[in-house]
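The values are calculated or read from the model by the stated rules, or taken from the named source; none is laboratory data. Since this is a predicted model, take the numbers as computed values, not measurements. Every residue, glycine as well, gets a Cβ built from its backbone with ideal geometry; the counts of neighbours run over all protein chains shown. Each accessible area value is taken on the protein alone, full model and side chains, heavy atoms only, with ligands, DNA and RNA left out. Shrake-Rupley method; radii C 1.70, N 1.55, O 1.52, S 1.80 Å.
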Amino acid sequence: MTSVTGPPEQMVAVREDLTPMMSQYLALCEQYEESLVLFQVGDFYEAFCDAAEAVARICEITLTKREDSTGTYAMSGIPIDNAASYVERLLDAGYRVAIADQVEDAEEASGLVDRAVTQIITPGTIVDDELLSAGTTNYVASVARDGDTFSLAAVDVSTGECLVTSAKLDRVVEELERVAPAELLFGPDVDASEFDLDTVAGDAMVTDFDADAFGHDAARETLSGYVPSPEAVVANDAELSACGGLLAYAEYTQGGDRLDYVSRVTRYDPRESLRLDSTALRSLELFETRGASSGHALVDVLDETSCALGRRELTGWLRRPLVDRERIEARHDAVAEFAEHALVREAVRELLTDVYDVERLIARVSRGRANARDLRSLKTTLDVVPEVKSELADVECAKLRDLHGTLDELADVRDLIDRAIATDPPIEITEGGVVREGFDDELDDLRATEREGREWVADLEASEKERTGIDSLDVGHNQVHGYYIEVTNPNLDKVPDDYQRRQTLKNSERFYTPELKQREDEIFGAAERADKLEYELFTEVRSTIAAESERVQALAAALAELDVLATLAAVAVDNDYVRPEFHEEGERGIDIDGGRHPVVERTQSNFVPNDTRLGGDDGSIAIITGPNMSGKSTYMRQVALVVVLAQMGSFVPADSAHLPLVDRVFTRVGASDDIAGGQSTFMREMAELTDILHGATEDSLVLLDEVGRGTSTADGQAIARATTEFVDDEVGAYTLFATHYHELTAVADERDGVFNLHFTATRTGDDVTFLHRVERGASSSSYGVEVARMAGVPERVVTRSQELVDADGADVSDSPSAGEYRSNGRREPTQTTLTNGAGAVETETGESTSSTDSTNSTTERDDALAAVASELDAVDIAQTTPLEALTRLNDLKRLLEEDDGR
Ligand code: ADP
Ligand code: MG
């Protein structure tokens, strides 16, 4: 409760004296104290007092006032006709909005019109299409617990999809991250502080709801409204509680009634999917790109879907890649078939572009909110089904045959809509024009009476002109007086006896005749009865269709799946993807030929494909070295993306891929690489490392990108080495470890499970060219010195640096052998070249300095100082965390110490 929501103090103070309407408003504010009440007064939703000020400010509308004997109240009104856009702003501003509608006809009410809250709009319970984005899910979720068992339930009130699952805390947190609810409820036994809400729920609104609704009996009762036997669906009391509490909340927001269109509560086991925690979702950029880079996410590459149903489904598949080989391969079979049969695929995709979001549409039908246009849209969708079926007549794989079989043409529904609903109906369903002629005899008779009457009136002017001889005679109609015959003053003497005076104007008189009056009554009587009858017929048709909502939902699911499969095939064909193969039981290894990064290859011309072999003779752990910008991070992510794509059912960007079924993908991106993500603390890095070391199995894929960077070099190196050893000894996961600690490459010599890969660059004169090509062995140079030279570091420093590097010697001992790792010959390798250009720093004296100069004329101490100076010069303080600063300082100190020979 804030001063904006809850009962306004100003009204509470004069409670006893308030006008009936204002006391109605006050009562609703008290009853819905967590919400901003919008109170219907005629064509507006009004808010008063502090709420009025907030609405005026947020919606940028005028603040007015209402005065009565009890005081002056601030007031602002939102026009009902386009309330959606204003409500959206109020939601964005963090409010829940309670819509208090007039629930009886103002004309029929005796005294004060009755009002009631018909809907509470919160971020997680939006049903209005205008407030939702197309092809997305919008969940409200709840978490409940029973001892150690945590349960998550989620419902999308716009489609009726309801999910429930349970597991230990960490697993439920992960599921919560995948569901990404817009709103979150905690059951009474859950301690919300155990959830890191920033990561888990992002900007989800956390809502307090009636704790009793989560209790066993209440929850059971609510749930039995949806499933015949709750115990047959939920696995434990935590699930019962989460589900029951959540559905009670959903009902509460939708006016209190059972939600008919929530026809299925689906329980799933989190173990059915490849585990991806929020760190992995983010660092692999499946849905969103990180930081400022305005690139694409993986979903953008895949989303060539034809309809909103498919888009929603595709997102679901990507969020939950599978682990069951049979289910994955069934998808691959279907994608393969569509990939091969371009004509069928493209025909289906084209047909699906006419498909509406019937999941949301049928939910509106069930709620009694669909209009005649919605029903016509459903018909348009159903029209497509027979054609899709016939395109699929000859499909072979089991999945497509299945889908072909499931596609229900719903001919009864389609015919009903076609017979009953006008082809181009108005949005309003109370003003006639929505029911088609020929559907109902009584309606047709009424419309005929109306039509004949109007024709008679239309002919009246001519016949009366003739009868009376008044050429200027005019037959007209207005809202207040109805039909009239108008005669100008000069002609009044010619008016016949049966004309009766209706209205006197300045220059004319208006008359009616008994016959005209009778016709008029007939016309309007018929029209009014017809409009009413149409509304009744329409709602009957809508209810008939609502009763078929499960069939429509099943059809929607089949169309969605078809869209995704055809889309994945189209993406595979357009981008040269290949069908991945899974190993037989007992075989191991990630084996990719010519793998590419699906997103980078789209933006980077001449992407260089690279091979991957993990878990074969070389070992399962690859230490990857190479200069900055050489392609290490891209390479590691591309391996993970190939795995994710394969397990969601897609083909993969490679020449060939032989893969294991991975149980979990872990990613750890070192602190300095993750500044944009705002998570650059060493503590966090270590917490994630802990998760990995505890959670990974030999079937997991682990990406470690520059781990250990957030601390001093000595610590970082030690941690990196110990981690590698631990993974090798205890975990055996498929691991890619990119590191700037060159020392780590020595581990490969000591252990069979560990091997080195490196990225190369070539030097031509003053230029360094990155080949983006992975090769076996450790890199011979990090090219840091070359890069320093390119950036304009004084020659003296560069030379000294090179000397130090050479003296160290470690770099040359493990130079690469010509590898079986090859870059794919189909494409020209990219060459990113650093050229010596702007930004070069000249030496202070402006003289050119050569290496001989430097050794002859300066002491080593000076060299070290210069190195320190240049290091300092390169530091971007704005981009440096305190920890990094300490690390740098430590490095700088070491530079001097080494020089002193200490
Ligand atoms: P690193 O992690 O080694 O610093 P990145 O993987 O971030 O390097 O790659 C740096 C840039 O190089 C990428 O943004 C991309 O534009 C380009 N790049 C990476 N890999 C390739 C490749 N295989 N082919 C072409 N360009 C690539
Ligand atoms: Mg990197």
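For every helix of n ≥ 4 consecutive DSSP H residues, a contribution of -39,500 (n - 2.57) applies; sum these over the chain, divide by its total residues, and give [θ] at 222 nm rounded to the nearest 500 deg cm²/dmol.
Result for the chain, helices only: -13500 deg cm²/dmol.
Taking N as the number of residues in region 562-685, what is its alpha-carbon radius of gyration divided by 2.2 N^0.38 Å?
1.15
Taking θ = phi - 60°, what integer Hz values does the Karplus form 6.51 cos²θ - 1.76 cosθ + 1.60 yield along region 734-744, in sequence order, with x for Gly and Pro?
Rounded to whole hertz, the list is 5, 10, 10, 10, 8, 8, 9, 7, 4, 4, 5.
When ligands, DNA and RNA are left out and all protein chains stay put, how many square angstrom of accessible area per residue does region 398-471 have with a 1.4 Å probe? Write out the running numbers ahead of the final one.
Details: 4190 Å² over 74 residues.
Value for region 398-471: 57 Å² per residue.
Work out from phi, with θ = phi - 60° and the Karplus expression 6.51 cos²θ - 1.76 cosθ + 1.60, the ³J(HN,Hα) of each residue of region 134-147, listed in order in whole Hz, and give x for Gly and Pro.
Each residue's phi maps through the Karplus curve to give 5, x, 10, 10, 9, 9, 10, 10, 9, 10, 10, 9, 9, x Hz.
Residue-wise, which Karplus ³J(HN,Hα) couplings in Hz belong to region 483-489, taking 6.51 cos²θ - 1.76 cosθ + 1.60, θ = phi - 60°, and x for glycine or proline?
6, 8, 10, 9, 10, 6, 3
Quick one: compute a quarter of the convex hull surface over the Cα atoms of region 158-282 and quote it in nm². Can you show the working numbers first?
Numbers: hull surface 30.9 nm².
Mean orientational projected area (region 158-282, Cα hull): 7.7 nm².
Roughly how large, in nm² to one decimal, is the mean projection of the convex hull of the alpha-carbon atoms in region 533-634?
About 12.8 nm², averaged over all directions.
Using only Cα atoms and rounding to the nearest 10 degrees, what angle (0 to 90) does helix 358-367 make with the longest principal axis of the chain?
For helix 358-367, the angle is close to 40 degrees.
Divide, for region 137-218, the radius of gyration over alpha carbons by 2.2 N^0.38 Å, where N is the residue count.
Compactness ratio reported: 1.00.
Can you pull out the GluC sites (Glu not before Pro) in region 44-119 whose DSSP state is coil and whose Cβ has at most 10 other Cβ atoms within 10 Å? Mind showing how you got there, number by number?
Details: sites: Glu46, Glu53, Glu60, Glu67, Glu88, Glu104, Glu107, Glu108; in loops: Glu60, Glu104, Glu107, Glu108.
Passing sites in region 44-119 are Glu60, Glu107, Glu108.
Taking every alpha carbon pair in region 603-668, what does the distance histogram look like in 10 angstrom bins from 0, in percent?
16, 52, 30, 3
What list of whole percents do you get for P(r) of region 174-220, with Cα-Cα distances grouped in 10 Å bins up to the one holding the largest distance?
Result returned by the calculation: 25, 49, 24, 1.
Starting from the exponent 0.38 and prefactor 2.2 Å, build the expected Rg for region 1-51 from its residue count and divide its actual Cα Rg by it.
1.04
Report, in whole Å, the centroid distance computed from the Cα atoms of region 248-285 and region 176-213.
If you average the Cα positions of each part, the centres end up 13 Å apart.
In region 118-202, which trypsin sites (Lys or Arg not before Pro) are in a loop and have at most 15 other Cβ atoms within 10 Å, using DSSP for the loop call?
Lys168
Gly255's amide H: which non-local residues (gap 5+, or another chain) put their own amide H closer than 5 Å, with H modeled 1.01 Å from N in plane and none for Pro or chain starts?
Under 5 Å from the amide H of Gly255 lie the amide H atoms of Ile120, each far enough along the sequence or on another chain.
Taking a cut-off of 20 Å, what percent of all Cα-Cα pairs in region 261-381 are separated by more than that?
Pairs farther apart than 20 Å: 61 percent.
If you count only protein heavy atoms and use a 1.4 Å probe, how large is the accessible surface of His477, to the nearest 10 Å²?
Accessible area of His477: about 80 Å².
Give me the percent relative contact order of the chain, please, defined on Cα pairs under 8 angstrom at least 6 residues apart.
It rounds to 8 percent for the chain.
Given the whole protein assembly as supplied and a 1.4 Å probe, what does the accessible area of Ile58 come to in Å², nearest 10?
Only protein atoms counted, so the area is about 30 Å².
Counting other Cβ atoms within 10 Å, keep those with at most 13, restrict to DSSP loop, and tell me which trypsin sites (Lys or Arg not before Pro) in region 489-528 are left.
Hits after loop and neighbour filter: Lys506.
Treating the angle as unsigned and between 0 and 90°, give the value, to the nearest 10°, between the Cα long axis of helix 342-352 and the longest Cα principal axis of the chain.
Its long axis makes an angle of about 40 degrees.
Amide H neighbours of Leu286 under 5 Å, at least 5 residues apart or on other chains, H built in the peptide plane: list them.
Leu298
Using only Cα positions of the chain, each an equal point scatterer, no hydration layer, compute I(q)/I(0) via Debye at q = 0.05, 0.07 Å⁻¹ and quote the log10 values to two decimals.
For the requested q values the scattering log ratios are -0.43, -0.75.
Using a 1.4 angstrom probe, figure out how much accessible area region 1-141 has per residue, in square angstrom, rounded to the nearest whole.
47
As I understand it, the value is the acute angle between the Cα axis of helix 860-874 and the longest principal axis of the Cα atoms of the chain; what does it come to in degrees, rounded to 10?
10
May I ask you to give the percent of accessible area on the chain that is carbon plus sulfur, with a probe radius of 1.4 Å?
45
Could you give me the percent of Cα pairs per 5 Å distance bin for region 365-497, shortest bin first, beginning at zero and ending with the bin that holds the maximum distance?
P(r) over region 365-497, rounded to whole percents: 2, 8, 11, 12, 10, 9, 8, 8, 7, 6, 5, 4, 3, 3, 2, 1, 1, 0.
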